[in-house]
Amino acid sequence: MSGLDLGGIPVPVTDGMDVLEPKRALELAVALGLKPDEFDNILAVQGRLPSLTELYIYSLMWSEHCSYKHSKKQLRKFSSSGAKVLQGPGENAGVIGVGDGWAVAFKMESHNHPSAIEPYEGAATGVGGIIRDIFTMGARPIASLDSLRFGSLDKPRQRYLFDGAVAGIGGYGNCLGVPTVGGEVYFEDAYEGNCLINAMAVGLMRESELTRAIGSGPGNLVVLIGSSTGRDGIGGASVLASQEFDEAAENKRPAVQVGDPFEEKLLIEVCLELLKAGRFVALGDLGAAGLTSSASEMASRGGVGIDIDVRKVPQREDAMQAFEIMVSESQERMLAVVTPEDWPAVEETCTRWGVAASRIGTITDTGRFVVRDSSLPPEQQIVADMPAEMLAESAPEYDPESRRPAYLDEAQGFDALAFIEKRERERDNLDYTQDLLTLLGSSNICSRAWIWRQYDHQVQNNTVLLPGADAAVLRIGDTGRGEMSTRGIAISTDCNGRYCYLDPYRGAQLALAEGMRNLACVGAEPVALTDCLNFGNPEKPEVFYTFEQAVSGLADACKHYKIPVISGNVSFYNESFGMAIYPTPTIGIVGVLEDVSVALDAAFKQAGDVIILVGECTDELGGSEYLKTRYDKVAGSPPQLDLDLEAAVQAAVRACVQARLLASAHDLSEGGLAVALAESCIAGSLGASVVLDGEVPPVAALFAESASRILISADPEQVEPILELLLGHQVPYSVIGDVGGSVLAIDTVFEGVQKAAVAVPLNALAAVYHDTLETLVKQ
């Protein structure tokens, strides 16, 4: 029986070459997600009708998820080169050098579609898959992060998805002993039909231990290590990740993988031991498309062939056909190339760790990807014979039609400030205390502690800053000379999908700017980027326009800042019943700190400290959390971004952090300055007195989300050198108040009139901020 619903089209119960008739073959091809012209291309490549196994293999390797056929052209806009780049795109993860002979591997990927069907297993196996990408490179996984999107929590299904995904991330990562140190979550109606689960992992290794999945050496053994193979996950890449959802979505549940974190923990240890001992010629993980993808890509990269016998693959279900074994996405499996001389040592090490290892094939010099089924009569045993390069490198490449969506002109023409001011003239008073409390209690701003309390974020003892800081910070080990290093890395994931919906080009740049700003707040210099580009159906011109613009915006900003994009993922078809998600080009950025002891969090530290706003506020309320929360409106232009000013603000604050002049630093984002002040007060259990004297109306001074702003605090004795640094970097700033007391009091001055805008006790701020998320989930 097939592990995939093919819409009632019968699947032959035996396998072998030439088993499919032309009409049946085309029907199956379309049911598997291939287009009729792609089927014609397969006929041309093969010179004959494909077998059932070949058809399944092509359908997966030429699926959107595996081949990037609609995105390749746009992805070439990214630059992946840089002085610290050791490995760019094309491998399981990107790798950068971070000093003293140490290297860091990192990557972000999506597990959106499986998680929308089965949130616990979908999210858990998303973590497992990205962790395997990291240790495949020779790195020990040291951290994971997650970037999540769901619909409104007032709907039971969204609470189910959110609760299940968070539990899956924690359940898998905690068992592995890999700390989940950061991430983000947003709740918007646009994600109701398609939640987003973007997982990022980071690993540490010596530069000399870098490993690549390049098959070589005809006669070498192909070895499968780890779990046995079942029918779970069949069709995950083609049926789930490369199609929109519709009424039949629930029928795709068998395509969701099932994870075992304890098996993965053993895999980590056995693979790292064998890599360190030099026992692997190549190593790759089995993710999307399973054995097919890993083996064909390994062969293609090395310019060799590969010959596999599916009956040598350990199976946990009866009567599995060859195509099922080849495309199963059962988890916790690795594929290695091993010399015959090293096989006894590999087998012994795996046995000692209690991990299965099986010789399933050999490397050849033919350039062919050959699959055998030794259970069949000799003349029928070859069930697939294809050019390896055509599978991995020569999938169709499309240049979809691009058309600017009509909604953009109307949305960007909306004057958010005028809209708000008109309605606020009708209010009885302009005390913004309740508005601030409402924002702090909104699902997009309230504390995420309910999430990270479920994660083990300190295991391995490398975590410097707890979750909740602007960026995660980790130590990276000794110097290689018998000394402990002070060096560390900082990591942040960011994207505001609402901004990207309103302006995909600028929204993508704002995501990068915020990620870099988060690193600056902890004193880190940004080095390299990974991304996870989440969009709707690329075959719809309006959707592809948003993708094209977002990639262009991100690529242009990365080139401006000389930040290479060294790994990443594209997730298309995030649509349900024809409704696409917001364009969501999530970024994961990694930076380096020379001394982790300088890293700061956002908390105010002591009464009497001076509060300074670096950057300047404008009256930008388009796309803001205030506009959405207060007036249920998503419209206007997102904040403007001056790339040079952004760089100057970051450099100035980073210099202050590294000089140990600051007590706290906090990026301004959703909710603007008022929310940033409240968060710093809550984190430090201290109040503040602030006066905002500017040229913008009070509502903008409090809640505008203008870019390139950071809130800092410092001992009064440090203010003079801080201001000298800010002046030296030619960045605008304002000394706005002092830390102290048990109340957050904010006055605004506009057109010469000073008014009390916010006055709220610290305990009231903390109560609404801390209690909201759990209350929303458990309602």
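The values are calculated or read from the model by the stated rules, or taken from the named source; none is laboratory data. This one's a predicted model, so the numbers in the text were calculated from it and none came from an experiment. Methodologically, a virtual Cβ is constructed for each residue, glycine included, from the backbone with ideal geometry; neighbour enumeration extends over all protein chains shown. Just the protein is used for accessible areas: all its heavy atoms, side chains included, with ligands, DNA and RNA removed. Shrake-Rupley method; radii C 1.70, N 1.55, O 1.52, S 1.80 Å.
The table below gives the values:
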quantity: Subset of segment 93-118 (residues that are surrounded by fewer than 24 Cβ atoms within 10 Å (Cβ to Cβ) and part of a helix (DSSP H, G or I)); calculated: Ile117
quantity: Hits in segment 442-476 (condition: of a type in the set (Lys, Arg) and crowded, with 20+ Cβ neighbours inside 10 Å); calculated: Arg475
quantity: Meets criteria (under 24 Å from Leu776 (Cα atoms), outside any helix (DSSP H, G or I) and either in contact with a Lys or Arg (Cβ under 6 Å, 6 or more places away or on another chain) or open to solvent by less than 30 Å² (accessible area, probe 1.4 Å) (or both)) for Leu148; calculated: yes
quantity: Among the residues listed as Leu668, Leu662, Leu673, the single one being among the aliphatic types (A, V, I, L, M), open to solvent by less than 30 Å² (accessible area, probe 1.4 Å), in contact with a Lys or Arg (Cβ under 8 Å, 6 or more places away or on another chain) and more than 19 Å from Gln434 (Cα to Cα); calculated: Leu668
quantity: First in segment 709-726 and open to solvent by 40 Å² or more (accessible area, probe 1.4 Å), second anywhere and in a helix (DSSP H, G or I), Cβ under 8 Å, 6 or more apart; calculated: Leu725/Ala652; Leu725/Ala655; Leu725/Cys656
quantity: Hits in segment 373-432 (condition: assigned to a helix (DSSP H, G or I), in contact (Cβ under 8 Å) with a residue 24 or more places away in the chain and of a type in the set (Gly, Ala, Ser)); calculated: Ala388, Ala392, Ala411, Ala416
quantity: Leading residue by the ranking (surrounded by the most Cβ atoms within 10 Å (Cβ to Cβ)) among those in segment 611-651 that are out of contact with any Gly (no Cβ under 8 Å at 6 or more places or on another chain) and among the aliphatic types (A, V, I, L, M); calculated: Val614
quantity: Some residue of segment 729-743 being closer than 23 Å to Ala416 by Cα, touching a strand residue (DSSP E or B) at 6+ places or on another chain (Cβ under 6 Å) and among the β-branched types (Val, Ile, Thr); calculated: no
quantity: Test: residue in segment 130-137 that is in contact (Cβ under 8 Å) with a residue 60 or more places away in the chain and aromatic (Phe, Trp, Tyr); calculated: yes
quantity: Residues of segment 670-703 that turn out to be of a type in the set (Val, Ile, Thr), within 31 Å of the chain's Cα centre (by Cα) and either assigned to a strand (DSSP E or B) or within 22 Å of Asp619 (Cα to Cα) (or both), as a count; calculated: 1
quantity: Residues of segment 579-599 classified as part of a loop (DSSP other than H, G, I, E, B) and either open to solvent by less than 40 Å² (accessible area, probe 1.4 Å) or not charged (D, E, K, R) (or both), total; calculated: 4
quantity: Residues that are among the aliphatic types (A, V, I, L, M), open to solvent by 10 Å² or more (accessible area, probe 1.4 Å) and under 27 Å from the mean Cα position of the chain (by Cα), drawn from segment 276-306; calculated: Ala288
quantity: Restricting segment 547-578 to residues that are open to solvent by 10 Å² or more (accessible area, probe 1.4 Å) and over 28 Å from Ile96 (Cα atoms), the residue that is modelled with the highest pLDDT; calculated: Tyr573
quantity: Residue match in segment 723-746 (condition: under 21 Å from Gln658 (Cβ atoms) and part of a strand (DSSP E or B)); calculated: yes
quantity: Total residues in segment 184-216, condition open to solvent by less than 30 Å² (accessible area, probe 1.4 Å) and not aliphatic (A, V, I, L, M); calculated: 11
quantity: Tally of residues being under 26 Å from the mean Cα position of the chain (by Cα) and buried (at least 19 other Cβ atoms within 10 Å of the Cβ) across segment 393-438; calculated: 2
quantity: Check on Met298, of a type outside the set (D, E, K, R) and either in a helix (DSSP H, G or I) or on the phi > 0 side of the Ramachandran plot (or both); calculated: yes
